[in-house]
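**Student:** Before I ask anything, here is the structure I am working with.
The values are calculated or read from the model by the stated rules, or taken from the named source; none is laboratory data. These figures come from a predicted structure and were not determined experimentally. Here Cβ is always computed from backbone atoms with ideal geometry, including for glycine, and neighbour counts include all displayed protein chains. Heavy atoms of the whole protein, side chains included, go into the accessibility calculation; ligands, DNA and RNA do not. Shrake-Rupley method; radii C 1.70, N 1.55, O 1.52, S 1.80 Å.
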Amino acid sequence: MKVSVKVPATTANLGPGFDCLGLALPIYNEITVEETVMPGSGIEINVIEDSETFDILSIPKNEDNIVYKAIELLYNFVGQSVSDIKITIKTNIPVARGLGSSASVIVGGLLAANKLLGNPADDNVLLSIASEVEGHPDNVAPAMFGGFCLSSMEDDGSVSVSKIEWPEDWKLTVLIPDYELDTRIARSVLPETVSISDASYNVRKCAMLINSLYRQDSEMMKKCLKDKLHQPYRKDLVKGFNELCNLLENKDDILGCVISGAGPTILVISKNDGFEKVENEVKDVFENINIKCDIRTFTVENEGSLVI
Ligand code: HSE
């Protein structure tokens with residue numbers, strides 16, 4: 001028996017919501033897990049590239065693979081050990097670009113393996129295993145449930161998630177550059193401690209961001225997509241970010257410009273034809289710094305993972 005799961009890309013943080021806010025985007029990976037019939041065949045991991053530009057060679061094909069690690073934790077949870085298993089990852093989400101490719105394959109592997117085992121684990125267990133492997137829940141929550149998710153890893157390792165409606169007409173444009181940024185590097189530049197004033201700045205921006213979503217208030221949202229906890233330290237790793245923030249500040253119908261997850265993709269949130277009006281100027285920014293950039297505009301992905 002084999003099970004395949006389609007899982008969306010995600011953009012995390014959205015400015016002030018470091019490690020707790022995330023949103024699903026309609027780009028998908030497909031993860032297939034099968035128990036191999038031949039006993040003793042061990043682990044087989046195949047990666048199939050669905051697009052041209054992704055560095056699939058960097059994905060480990062042994063027990064170090066994060067999908068395998070997540071599946072092993074699930075098997076351990078039900079008191080079994082993984083023996084002979086084949087994992088096939090069909091990638092369409094760019095790797096190491098801040099678009100949740102690792103969360104997507106972890107979630108896909110877990111959902112597929114859980115189905116193979118007869119669904120012994122509920123969503124809470126799957127979410128907490130996925131967050132443990134990923135290190136934080138902000139990508140895995142929307143990868144599982146779709147839409148905009150507010151998530152919190154609790155002290156006991158459990159994860160609380162709230163899904164909040166994202167306005168259909170708030171468009172999401174991702175500016176995906178042609179270089180990778182390892183999340184471990186993007187986290188290593190963050191300070192151990194921050195000032196109380198920076199922490200307080202993010203708390204109020206994040207609280208108001210949630211409020212603007214409930215109110216679907218784009219004018220309030222414009223004031224909320226700001227951050228002092230991670231972007232100031234990462235901006236030099238994300239080429240063009242400063243220039244874009246300056247360009248897009250106070251433009252009509254542009255709600256904000258943030259680093260997508262740990263970068264290097266940049267997310268621009270707009271409404272109406274806000275992005276179309278500035279698209280050529282955005283392209284000029286990347287041309288001036290000699291970076292090739294794939295620009296894609298989406299509406300939110302609301303379905304989340306799907307067993308197919
Ligand atoms: N919240 C994470 C970070 C997302 O910013 O490092 C990337 O995995």
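**Student:** Is it the case, given these coordinates, that Glu72 is more than 16 Å from the ligand (Cβ to nearest atom) and free of Cβ contacts under 8 Å to residues at least 40 places away in the same chain?
**Tutor:** Taking the combined requirement at face value, the residue satisfies it.
**Student:** Of the residues Ala130, Ala96, which single one is among the aliphatic types (A, V, I, L, M) and at pLDDT 95 or above?
**Tutor:** Unique residue meeting the criteria: Ala130.
**Student:** Please work out which one of (1) in the same structural domain as Val238 (by TED's automatic domain parsing); (2) within 16 Å of Ala12 (Cα to Cα); (3) within 16 Å of the ligand (Cβ to nearest atom) is the condition Ser151 fails and give its number.
**Tutor:** Condition (1) is where Ser151 drops out.
**Student:** Now for a different question. Just give me the residues in the range 282-300 being outside any helix (DSSP H, G or I) and within 14 Å of Leu244 (Cβ to Cβ), in sequence order.
**Tutor:** Those that are outside any helix (DSSP H, G or I) and within 14 Å of Leu244 (Cβ to Cβ): Ile289, Ile291, Cys293, Ile295.
**Student:** Provide a single number: the residues in the range 1-18 that are under 16 Å from Ser102 (Cα atoms) and surrounded by 20 or more Cβ atoms within 10 Å (Cβ to Cβ).
**Tutor:** So the count comes out to 8.
**Student:** Does Ala113 satisfy the criteria of being open to solvent by less than 20 Å² (accessible area, probe 1.4 Å), at pLDDT 95 or above, in contact with a helix residue (DSSP H, G or I) (Cβ under 6 Å, 6 or more places away or on another chain) and within 30 Å of Val268 (Cβ to Cβ)?
**Tutor:** no
**Student:** Let me ask you something else. Are there any pairs, at least 6 apart or on different chains, whose C-beta atoms fall under 8 Å, with the first in the range 180-192 and open to solvent by 70 Å² or more (accessible area, probe 1.4 Å) and the second within 8 Å of the ligand (Cβ to nearest atom) and among the hydrophobic types (A, V, I, L, M, F, W, C), and if so, which?
**Tutor:** Close Cβ pairs satisfying both conditions: Arg187/Ala262.
**Student:** How many of the residues in the range 174-196 are within 13 Å of the ligand (Cβ to nearest atom) and not in a loop (DSSP other than H, G, I, E, B)?
**Tutor:** Total satisfying the criteria: 6.
**Student:** OK, next. Restricting to the range 219-231, name every residue that is over 11 Å from Val258 (Cα atoms) and within 15 Å of the ligand (Cβ to nearest atom).
**Tutor:** Lys228, Leu229
**Student:** So Gly98 passes all but one of these: (1) open to solvent by 50 Å² or more (accessible area, probe 1.4 Å); (2) part of a loop (DSSP other than H, G, I, E, B). Which condition number does it fail?
**Tutor:** The failed condition is (1).
**Student:** A further question follows. Please return the ranges of helices (runs of 4 or more DSSP H) entirely within the range 197-281 where 1 or more residues are touching a residue at least 60 places away in the same chain (Cβ under 8 Å) and either among the hydroxyl-bearing types (Ser, Thr, Tyr) or in contact with a strand residue (DSSP E or B) (Cβ under 8 Å, 6 or more places away or on another chain) (or both).
**Tutor:** Passing ranges, in order: 231-234, 241-248.
**Student:** Kindly indicate which of Val47, Val3 is modelled with pLDDT under 90, away from the ligand (no atom under 16 Å from the Cβ) and either over 29 Å from Val268 (Cα atoms) or in the same structural domain as Leu267 (by TED's automatic domain parsing) (or both).
**Tutor:** Val47
**Student:** Quick check, is Lys86 open to solvent by 30 Å² or more (accessible area, probe 1.4 Å), at pLDDT below 95 and in a helix (DSSP H, G or I)?
**Tutor:** In short, no.
**Student:** From Asn280, Asn242, Asn250, Asn246, which residue is on the phi > 0 side of the Ramachandran plot and surrounded by fewer than 17 Cβ atoms within 10 Å (Cβ to Cβ)?
**Tutor:** Matching residue, one of Asn280, Asn242, Asn250, Asn246: Asn250.
**Student:** Which of (1) open to solvent by 40 Å² or more (accessible area, probe 1.4 Å); (2) at pLDDT 95 or above; (3) over 25 Å from Ile295 (Cα atoms); (4) not hydrophobic (A, V, I, L, M, F, W, C) is the odd one out, the single condition Asp156 does not satisfy?
**Tutor:** Unmet for Asp156, out of (1) open to solvent by 40 Å² or more (accessible area, probe 1.4 Å); (2) at pLDDT 95 or above; (3) over 25 Å from Ile295 (Cα atoms); (4) not hydrophobic (A, V, I, L, M, F, W, C): (2).
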